[in-house]
1. Please work out if residue 48 is surrounded by fewer than 19 Cβ atoms within 10 Å (Cβ to Cβ), at pLDDT 95 or above, not basic (Lys, Arg) and not in a loop (DSSP other than H, G, I, E, B).
2. Out of curiosity, is residue 185 surrounded by fewer than 18 Cβ atoms within 10 Å (Cβ to Cβ) and either within 25 Å of residue 125 (Cα to Cα) or among the aliphatic types (A, V, I, L, M) (or both)?
3. Among the residues of region 269-284, is any open to solvent by 80 Å² or more (accessible area, probe 1.4 Å) and within 18 Å of residue 304 (Cβ to Cβ)?
4. Which residues, taken from region 238-272, are more than 27 Å from the chain's Cα centre (by Cα) and either part of a loop (DSSP other than H, G, I, E, B) or farther than 17 Å from residue 223 by Cα (or both)?
5. Let me confirm something: among 121, 156, which residue is open to solvent by less than 20 Å² (accessible area, probe 1.4 Å) and in contact with a Lys or Arg (Cβ under 6 Å, 6 or more places away or on another chain)?
6. Just to be sure I understand the filter: pairs with C-beta atoms under 9 Å, separated by 6 or more residues or on different chains, first member in region 190-202 and within 15 Å of residue 212 (Cα to Cα) and without any contact (Cβ under 8 Å) to a residue 40 or more places away in the chain, second member open to solvent by 80 Å² or more (accessible area, probe 1.4 Å) and hydrophobic (A, V, I, L, M, F, W, C). Which pairs pass?
7. Only one of 20, 43 is on the phi < 0 side of the Ramachandran plot, hydrophobic (A, V, I, L, M, F, W, C), in a helix (DSSP H, G or I) and out of contact with any strand residue (DSSP E or B) (no Cβ under 8 Å at 6 or more places or on another chain); which?
8. Just checking, how many residues over region 191-210 are at pLDDT below 95 and either closer than 16 Å to residue 240 by Cα or buried (at least 21 other Cβ atoms within 10 Å of the Cβ) (or both)?
Amino acid sequence: MSDSGPKVGEAGSKIGRGDLPDYDTLWEYELPDRSERKFRELLPAAVDSLDISYLTGLLTQIARAEAMQRKFQEAEKTLDRVEKALPKADQKVSVRYTLERGRVLSLSGKPREAQPRLQEAFNLALIFKMDLFAIDAARMMAIAEPEKALDWNLKALDLAEKSSDVRANRMCGSIQGSLGWNYFEQKQYQEALFMFQKALEYYEQLGDAVKIRVAKWPVAKLLRVIQHTEEALEMQRALFEEYQAEGKRNGYVYEEIAECLQVMGQEQEAQEWFAAAYAELSKDPRVGRDQNRMNRLKELGQVGRPRPTPS
């Protein structure tokens, strides 16, 4: 799962002395290093304010940014500072603290150790009616406890749909996408397609062009899987045209176009798309670690083989 989560603080984000800004609005989740710098720039004012809840809440977000950069020891030390100040802070800060302790453990490859922390954060968030943080904890539990990922994401979706917090409501599309993959992994393809379509509908209602494009891809993939190949190919070609118009490449789209063409018996064109997919996805560390997938793309794309010369 991309690392999405609370955007506006329910704990520790109140404007303190000196008119302190809401640090949660400074998050750039794709750029944790830049987010960390922004948070650290606030530290002197946070210390001077004597607002312990604001300071400790800010520190939890610094720890989160550190963990996302795989600076796990630094993140633990930052959270140690928070732990010492918790008795003097608003009780709701404990939700942030416990959640980030669990996140550090999960991201550092210790899912079993993370589970009790994340479960505690989920329970505390429910007690304090902090729906956004309960959703975040549930989604982290889905990662830390993959055998129960479907159940945890269903809990998250239920919270997001029923919450009176608009920020929690805005998590629906992302959670529906996660549920789609949960069902896909269980080979429950109709359920997966339903969830992916729900996510797409959600983003279409929001009018978010970037997220609409991202949400179309798994819908098309599932259509191919359930043998609606022509419809799947049409969607993937349309996505290709959209990316092409912006001068962007997308190896995932190339791969799906190739898969559709191969099913339809268009071997020569499929080969070219497999080769293009290999060229792009070999640069993506998320895919590069899947050696079987990369070997298959390379083989089907005949990458590195001499091209036959025309007679």
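1. No; evaluated as a whole, the condition is false for this residue.
2. Working: surrounded by fewer than 18 Cβ atoms within 10 Å (Cβ to Cβ): yes; either within 25 Å of residue 125 (Cα to Cα) or among the aliphatic types (A, V, I, L, M) (or both): no.
Answer is no for this residue.
3. Yes, region 269-284 contains a residue that is open to solvent by 80 Å² or more (accessible area, probe 1.4 Å) and within 18 Å of residue 304 (Cβ to Cβ).
4. 264, 265, 266, 267, 268, 269, 270, 271, 272
5. 156
6. Final answer for the pair search is 195/181; 196/181.
7. 43
8. Residues meeting the conditions: 2.
The values are calculated or read from the model by the stated rules, or taken from the named source; none is laboratory data. These numbers were taken from a predicted model, which means no experiment stands behind them. Because the Cβ atoms are built from the backbone with ideal geometry, glycine has one as well, and the counts that use them run over all protein chains shown. To get the accessible areas, we keep the full protein, side chains included, count just its heavy atoms, and leave off ligands, DNA and RNA. Shrake-Rupley method; radii C 1.70, N 1.55, O 1.52, S 1.80 Å.
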